[in-house]
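The values are calculated or read from the model by the stated rules, or taken from the named source; none is laboratory data. Note that the structure is a prediction, hence the values are computed from the model and not measured. Using ideal geometry, Cβ is built from the backbone for each residue, glycine included, and neighbour counts are taken over all protein chains shown. Accessible surface is based on the protein model in full, side chains and every heavy atom, while ligands, DNA and RNA are left aside. Shrake-Rupley method; radii C 1.70, N 1.55, O 1.52, S 1.80 Å.
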Amino acid sequence: SVVSKDLTLAIAWCKQAAMQEEFNAIKRLAYLYKEDEQFDEAIYWYQRSYEAGNSVASILIAKLYDNMDDVSHAYQWYEIAANHGYVEAQTKIGFYYKQQEQYSKAVKKKKKAVAQHDDFAISLLAACYMNGQGVPKDSQQAMDLLTMCQLENLYIPLDMEDDEDEAY
């Protein structure tokens, strides 16, 4: 197809520039490989981009591993991205901790995301308070968080117990 040929040509041109350590070409090449569903190559070039100082690449690598069902590597890169302050990564790490029933660690990551007004993290933290997971059970704190969601027109899960399972 024309798109496939264009993508192949774009990859070839970008790769030449990327081999010269051209920062923008490295980022673009990773993206092109992702679009072409060559995920191992995309990860390789995103890692090069990350090593060159592009912290955004950490979340992109995490998502690629997540989409490839490589939980171990996804977790590793989500942790890196969370340390760079990416709210989505902080929420995802909190979700991983909750799955492993490490509730206090989950709450810690969710609170970081809540501080950045992440709607999903706010609702997840409310569920933790509602169920006493990682924090003392506190219905008032849960309601305060849910009120914050409502006031900011944010996501409120209908089933407080299983909200993460349906969201990811």
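Evaluation of E101 against the conditions (1) on the phi > 0 side of the Ramachandran plot; (2) modelled with pLDDT of 90 or more; (3) of a type outside the set (V, I, T) shows that the sole unmet condition is (2).
Kindly provide the set of residues from the stretch 92-124 that are in contact (Cβ under 8 Å) with a residue 60 or more places away in the chain and either open to solvent by less than 70 Å² (accessible area, probe 1.4 Å) or touching a Ser or Thr at 6+ places or on another chain (Cβ under 7 Å) (or both), ordered by number.
K92, F95, K98
Just one residue in the set A89, A81 is of a type in the set (G, A, S) and in contact with a Ser or Thr (Cβ under 7 Å, 6 or more places away or on another chain); that residue is A81. If you go through the stretch 149-157 one residue at a time, do you hit one that is over 30 Å from G53 (Cβ atoms) and either of a type in the set (S, T, Y) or modelled with pLDDT of 80 or more (or both)? The answer is yes; a qualifying residue exists. Determine whether K137 is modelled with pLDDT of 85 or more, open to solvent by 80 Å² or more (accessible area, probe 1.4 Å) and either part of a helix (DSSP H, G or I) or out of contact with any strand residue (DSSP E or B) (no Cβ under 8 Å at 6 or more places or on another chain) (or both). Considered against the rule, which asks whether it is modelled with pLDDT of 85 or more, open to solvent by 80 Å² or more (accessible area, probe 1.4 Å) and either part of a helix (DSSP H, G or I) or out of contact with any strand residue (DSSP E or B) (no Cβ under 8 Å at 6 or more places or on another chain) (or both), K137 comes out as yes. For a quick check of your reading of the model, give me the residue pairs whose first member lies in the stretch 60-85 and is farther than 13 Å from Y96 by Cα, whose second is charged (D, E, K, R), with beta-carbon atoms closer than 7 Å and at least 6 apart or on different chains. Pairs that qualify, where the first residue is farther than 13 Å from Y96 by Cα and the partner is charged (D, E, K, R), are L64/K34.
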